[in-house]
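Here, each number is a calculation from the coordinates, and none is a lab measurement. Just so we're clear, the structure is a prediction, and the values are computed from it rather than from any experiment. Quick reminder, even Gly has a Cβ in these numbers, built from the backbone with ideal geometry, and neighbours come from all protein chains shown.
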Amino acid sequence: MTDPAAANPGSRPPPAVAIRKLTTQLGSKRIFDGIDLEVPRGSVTAIMGPSGTGKTTLLRHLTGQLAFDSGRVTVLGEDIGQLHHEPLYRLRRRMGMLFQHGALLTDLTVFDNVAFPLRENTDLPEPLIRTLVLLKLQSVGLRGAAGLMPAELSGGMARRVALARAIALDPELMLYDEPFVGLDPIAVAAVVELIITLNRTLGVTSLVVAHEIEHLRRVADRLVVLADGGIIADGPFDQVQADPSPMVQQFLRGLSDGPVPFHYPAAPLTDELGIGGAT
Amino acid sequence: MAANRSFEIGTGLFIVLGFAALLFLATQTTNMAGFRAADTYELKARFTNIGQLKERAPVKLAGVTIGTVRSISLDGTALDAVVHVDVDSQFSELPEDSSLSILTSGLLGDQFLAIRPGGSPEFLVDGDEFLLTESSLQLEELIGKFMVGGDGGGERGN
Amino acid sequence: MTALKDLFSSLLDFIQRLGAMGSFLMRILRVLPGSLRRFDMHLRQLWFIGAMSLTIIIISGLFVGLVLGLQFYSALNQFGASGALGTLTALSLYRELSPVVAALLFSGRAGTAITAEIGLMRSTQQIEAMEMMAVDPIRHVVAPRFLAATIALPLLCVVFSALAIMGAHWSAVLWLGLDNGTYWSSMVGSVDLVDDLLAGVFKALVFGVLVALIAAYQGYHAKPTGEGVAYATTRTVIHSAIAILAFDFVLTAFMM
C-alpha cells in the first residue's frame, strides 16, 4: 500500500526500494538533502561517491539501523520509518547484507555462521538446516571449509562465507557494503561472479556500494553517484561516464584536484608562512 | 561436542565449588555450627539487668551449651527483663532450684547464660521460671564498689 | 558562573547516562527469560566469566586472609583479646572485604573481558550483522553474559571468603600460635549465617549486577574502533569501582 506504483497496477512491478525526499543530518553535517531514488526489482544498482558522502549511511537507512530526519523510505513495500522491533525484524529476514569485512561471528565455525540465521529465525529440523547450509556453502565454493573458524579464513574466503550467510534465508534484496575492499584479484573475481549469479539465477535485487568502477561495471547495469548531499549522476554506466559535469568526471577518472579540492580549506600558503609579498 | 562437554563439566565444577565453599563457611564459621536442637522446652527467667545479652546467645551448663536465648522482653509492670530460653529436651532434669546468671566469655567477649544446678529432686518443666537469677555484672558498678571500698580501684588510671 | 554551568551540565550528563543504563538494563531483563531457552549459551559464559576468574579470586583470597591473620593478631594481642581474632576476621570478611574485593577483582578480570568482547563484536560489525539477520544482539550477546556475571560473583565471593578464612587460620594459628579451637569457636559464637554470611553474598549479587551492567553497556556502546574499545575497557574498571564502593555504602547503611 505504501508502493507508489501500487496505485496504478499493471504499469510495472513496484520497486524494491523507493526513496522520496530523504533528508539526514548527522551531528552538524548534512548527509542527504532531499534525495529521490528508486531501485526496480531484479536490478543491480551500483552506488559510488567520494568518502563521507553517506553511501554506508544510505544502506543503514534501508535496513532500519539508522533513523533519518525526513522523507520516506520504502523497502520491499514496507515503510521503514514506521517499522519497529518485530515488524522490522520480519522485513530484515527478507534482506541480506554483506558487510565490509564479512562480520562473521568469531566464536562460531563457518558452518555455524551460515546456519545462524536459519537456526535463529526458523524452526527447521537440524538435518534440513545441515542440507541448506551445505548447499549455500557449495554455491560459494567453500563446502570444504565448513569446519574452519573465521580466524582461519583468508579475507576473500571470509567474504564468501559472509555471502553464503547473507543468502541463507533467500533474501529478496541484497545490500553489499564495499564487497571488493582488501581482496586479491582472484577473490574479487569470485565475489563479482557470485553477485552476478545471485542476480541472474535468483532474481535478487542488489545494491552495491563500492569504489572500484571496473568491477562495478561488470556486476551492475546502473550507476548512481552521490556527492554533496544529493545524486549528481544516475543512469547506465556509459551515460554516466559521458556526463560532462566536472564533479562526475573528477570522481570517475580519479583526478586528485577539481571541484573536490585537493587542499583542505586554509589561508593562502604564502600568508601562513609569512613570506607573502609585503604590501 | 567434546569441547562442549568439557565446558559443561568445568562450569558444573565451578558451581559445585561455590556451594561447597558456602557449606563450609556456614557449618564451620557461623552460628549454624553452634547449638541446634530439634526438640526443646522453654524456660524463663527475670533479671534486673541483662547487660549485653542478645537473642540466640548460648545457655550453658558446666560450660556445655544446652540451649539458646529465644527472646528478651521487658515486663512493663514489674519493670524487669524477661528472658525466654529454649533448652534441649535431652537435658530435662534440671533441678527446680537451679540458678541462672549472665556471664561474659573473656574480657571483651559476648555474654551468655550459665545454669548453676541446685539440689532439688524436682525438675524444671516447660514454661517454668528460674527463681534464682544473677544479673549481668556492670563494669561501672564494679568500679564504683571498688572506689567506695577504697580497695586499690583506679590506680592504673593516667 | 561558567564553572557552575559546567557543573550543571556534567550533572545532567551523569543523570542522562544513568537513565541510559537503566533503560539498557530494562532491555536486558525483558529478553532474559526468552534467552534462557538457549541454556548452552549461558553455561558457556558462566565458564568464561566465572570459572576463568577463579584463579585470581583464590590467590587473592588466600593472601588477604594471611594478612588479616597477621594484622588482627598483632593488634588484638596488645590488649589480650586475640581470642576475638576469628570473630573479627570472619565478620570483616563476610560483611565487607569479600564482596567488595571480589567484585573489584571481578570487574578487572571478567568485566573488562565482557567489554572487550562486546566492543570487538561492535567494531567488527558482528553486532550489526546480527541485527541484519533479525537476531537481537541484546538477547544473544548481552543477556547471557549479564546472567553469568550475576551468578558468578556471589559464588566467587564465597570462594574468596573460604580461602581467606583458611589463610587467616594459617597465619594466626599455624604461625603465631593462636589456639585452633579458639579460632573456630569464636566465629561460631558470634557470626550469624543470615545477617553476616548471606548478607555479604547478597551484596556480591548486587555488585555482580552492577559490574555486568556497566561492562556490557560500555562494550555495547563502545566506539567501533580499536581506540574506542580500549577506552571503554578502561571506563568499565573505573565506573565499576565507583559503583561498587558507592553501592556498598548504601547497602551497608540499609542492612545495619
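Observations on the structure shown:
- Positive dipole terminus of the protein assembly as shown, leading residue within C:Ala199, C:Leu178, C:Ile127 (C-beta point charges): C:Ile127
- Over all Cα atoms in segment A:86-162, the spread is summed up by Rg and Dmax: 12.5, 36 Å.
- Cα-based equivalent ellipsoid of chain C: semi-axis lengths in Å, sorted from largest, via gyration tensor: 39, 21, 16
- Dipole magnitude of segment B:40-139 about its Cα centre (Cβ charges: Lys, Arg +1; Asp, Glu -1), debye to nearest 20: 440
- Overall Cα dimensions of segment C:152-244, principal axis frame, Å, largest first: 58, 29, 19
- Between helix C:2-35 and chain C: long-axis angle, C-alpha atoms, 0 to 90°, nearest 10: 90
- Solvent-free Debye scattering, log10 I(q)/I(0), computed from the Cα coordinates of segment A:227-279 at q = 0.18, 0.21, 0.27 Å⁻¹: -0.68, -0.80, -1.07
- Segment C:1-141 has equivalent-ellipsoid semi-axes of 41, 25, 14 Å, by the square roots of 5 times the alpha carbon gyration tensor eigenvalues, sorted largest first.
- One quarter of the convex hull surface built on the alpha carbon atoms of segment C:1-77 amounts to 10.6 nm², the projected area averaged over directions.
- Per-residue mean of foreign Cβ neighbours for C:183-196 is 6 (Cβ atoms of other chains, 10 Å radius).
- Remark: segment A:164-176, residue by residue, has Karplus-estimated 3J(HN,Hα) of 4, 5, 5, 9, 4, 8, 6, x, 8, 10, 10, 10, 10 Hz, where x stands for each Gly or Pro and the curve is 6.51 cos²θ - 1.76 cosθ + 1.60 at θ = phi - 60°.
- Put simply, the amide H of A:Glu38, placed in the peptide plane, has neighbours under 5 Å in A:Ile19, leaving out anything fewer than 5 places away on its chain.
- Phi angles of segment A:204-221 translate, via the Karplus equation with coefficients 6.51, -1.76, 1.60 and θ = phi - 60°, into HN-Hα couplings of 6, 5, 10, 10, 10, 9, 6, 10, 8, 5, 5, 6, 4, 4, 6, 9, 10, 10 Hz per residue; Gly and Pro are given as x.
- Amide H contacts of A:Ile47: A:Val208, A:Val209, A:Ala210, A:Val224, each under 5 Å away and 5 or more positions distant or on a separate chain (H built 1.01 Å from N in the peptide plane; Pro and chain starts excluded).
- For chain C, the longest principal axis of the Cα atoms and the long axis of helix C:112-123 meet at an angle of about 10 degrees.
- Neighbour-count order for C:Trp175, C:Trp47, C:Trp170, fewest beta carbons within 10 angstrom listed first: C:Trp175, C:Trp170, C:Trp47
- Descending Cα extents along the principal axes, the protein assembly as shown, whole Å: 121, 82, 52
- Dipole moment magnitude, nearest 20 debye, the protein assembly as shown about Cα centre, only Lys, Arg, Asp, Glu C-beta charged: 2520
- Peptide C:152-159, shielding by other chains (average Cβ, 10 Å cutoff): 5
- Counting every pair of alpha carbons in segment A:132-202, the share spaced more than 13 Å apart comes to 64 percent.
- Note that segment A:249-266 has calculated 3J(HN,Hα) couplings of 4, 4, 5, 5, 8, x, 8, 6, 10, x, x, 8, x, 5, 8, 5, x, 7 Hz, one per residue in order, obtained from phi through the Karplus relation 6.51 cos²θ - 1.76 cosθ + 1.60 (θ = phi - 60°); glycine and proline are x.
- Of the three principal axes defined by the Cα atoms of segment B:41-99, the extents in descending order read 34, 22, 18 Å.
- Neighbour-count ranking [beta-carbon atoms within 10 angstrom, fewest first] of C:Ile238, A:Ile31: C:Ile238, A:Ile31
- Rounded if a/c under 1.5, otherwise prolate or oblate - chain A, Cα gyration tensor axes: prolate
- Label point 7 Å beyond Cα of C:Phe14 along Cβ direction - residues of segment C:236-253 with amide nitrogen under 17 Å: C:238-250
- Cα pair distances in segment A:197-259, grouped into 5 Å bins until the bin that holds the longest one, percent each: 4, 16, 26, 25, 15, 7, 5, 2, 0
- Each stretch of four or more DSSP H residues adds -39500 (n - 2.57); spread over every residue of the protein assembly as shown, this sum gives -15500 deg cm²/dmol at 222 nm.
- Relative to the Cα centre, the charge distribution of segment C:39-255, modelled as +1 at Lys and Arg Cβ and -1 at Asp and Glu Cβ, gives a dipole magnitude of about 300 debye.
- Note on segment B:40-139: Rg/Rh from C-alpha atoms, Kirkwood Rh, equals 0.94.
- Mean silhouette area of segment A:154-247, derived from the convex hull of its C-alpha atoms and averaged over all directions, reads 6.7 nm².
- Sequence of C:Met132, B:Met147, C:Met21 once ranked by neighbouring C-beta atoms within 10 Å, starting from the fewest: B:Met147, C:Met21, C:Met132
- Near B:Lys60, the amide H atoms lying under 5 Å from its own belong to B:Ile66, B:Leu113, B:Ala114, B:Ile115; only residues 5 or more places off or on other chains count, and H is placed 1.01 Å from N.
- Computed across segment C:112-205, the Kirkwood hydrodynamic radius from all distinct Cα-Cα pairs reaches 16.9 Å.
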